[in-house]
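Working notes for the structure below.
The values are calculated or read from the model by the stated rules, or taken from the named source; none is laboratory data. Note that the structure is a prediction, hence the values are computed from the model and not measured. Here the Cβ is made from the backbone with ideal geometry for all residues, glycine too, and neighbour counts use every protein chain on show. For the accessible areas, the whole protein counts, side chains as well, though only heavy atoms, and no ligand, DNA or RNA atoms are used. Shrake-Rupley method; radii C 1.70, N 1.55, O 1.52, S 1.80 Å.
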Amino acid sequence: DSLQLKNVIDLTKIIDKKVKYYGSTPILQIVPDVASEREAIFKQLLNASTMLKNFKVFKNEDLPARWHFNNKDRVGPITVLADLGFGFQDMYDNAKFYEEAYHIPVNNENKYGVHGYDNKYETMHPIFFAYGNMIKSQTVVEPFDSVDLMFLFCEILGISPPDYLMG
């Protein structure tokens, strides 16, 4: 297809081995078809990320703890994260879908929003509103991690958080 978007990183042109991609922009899991090729694929991606400077690459064991994302049973062996304003090759498919389904022209002049970038960026911080008998009215609290809402929900429901959260 002739669609070219300037902020799309086409990993299929970087990786010369067979892999499967899971997820969607801005974060993809990469699973090599041949497990022994993991290191070679990681090095290809690391070299490209160093040269292009528009995405980061991580081995599963090196994912930042603040992401609450390091689970070897649920996360691929290699994770790539696009920098703000960039996306991966799945954006081509998404662009085609939006053009056809919603008659929205996609080109390099359009600006669209995508969530899921690194949570260190303020633009990725969520907003949370709550209302109810156990919620103090007209109160603004300091920023917190969304995963910590589990404790609020447990308190409201009058149940104890799971043991694994209390460690």
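In segment 1-51, what is the count of Lys pairs whose alpha carbons are under 22 Å apart, counting only pairs at least 8 residues apart or on separate chains?
The number of close lysine pairs in segment 1-51 is 4.
Would you compute, from DSSP H runs of 4+ residues alone, the mean residue ellipticity of the chain at 222 nm, taking -39500 (n - 2.57) per run and dividing by the full residue count, rounded to the nearest 500?
About -7500 deg cm²/dmol.
Given R₀ = 25 Å, what would the calculated FRET efficiency be for E122 paired with F69, taking r from the Cβ atoms and rounding to 0.05?
Efficiency, from the Cβ-Cβ distance: 0.80.
Please work out the Kirkwood hydrodynamic radius for segment 1-69, using every pair of different C-alpha atoms, and report it in angstroms with one decimal place.
Averaging 1/r across every pair of different Cα atoms and inverting gives 13.3 Å.
Per-residue HN-Hα couplings for segment 26-34, Karplus 6.51 cos²θ - 1.76 cosθ + 1.60 at θ = phi - 60°, whole Hz, x for Gly and Pro?
x, 10, 10, 9, 10, 10, x, 5, 10
What's the extension gain from D62 to K17 if we count 0.36 nm per residue and subtract their Cα-Cα distance?
Value of the extension gain: 14.0 nm.
Could you check the simple spin-label distance between D90 and V141, using points 7 Å along Cα→Cβ, in nm with one decimal?
It works out to 3.1 nm between the two label points.
For K96, list the aspartates and glutamates whose Cα falls under 12 Å from its own Cα; do not include residues on the same chain fewer than 8 positions away.
D1
For segment 34-167, just the Cα set please: Rg and Dmax, both in angstrom.
Rg then Dmax for segment 34-167, in Å: 19.9, 56.
Provide the packing ranking of 135-144, 101-110, 23-32, 39-48, i.e. peptides ordered by the mean count of other C-beta atoms within 10 Å per residue, highest first.
Highest mean packing first, the order is 23-32, 39-48, 101-110, 135-144.
In square angstrom, what is the accessible area per residue of the chain with a 1.4 angstrom probe?
Normalised by residue count, the accessible surface of the chain is 73 Å².
Would you mind calculating the gained length between L149 and K43 on full extension (0.36 nm times residue separation, minus the Cα-Cα distance), in nm to one decimal?
So the extension gain works out to 34.4 nm.
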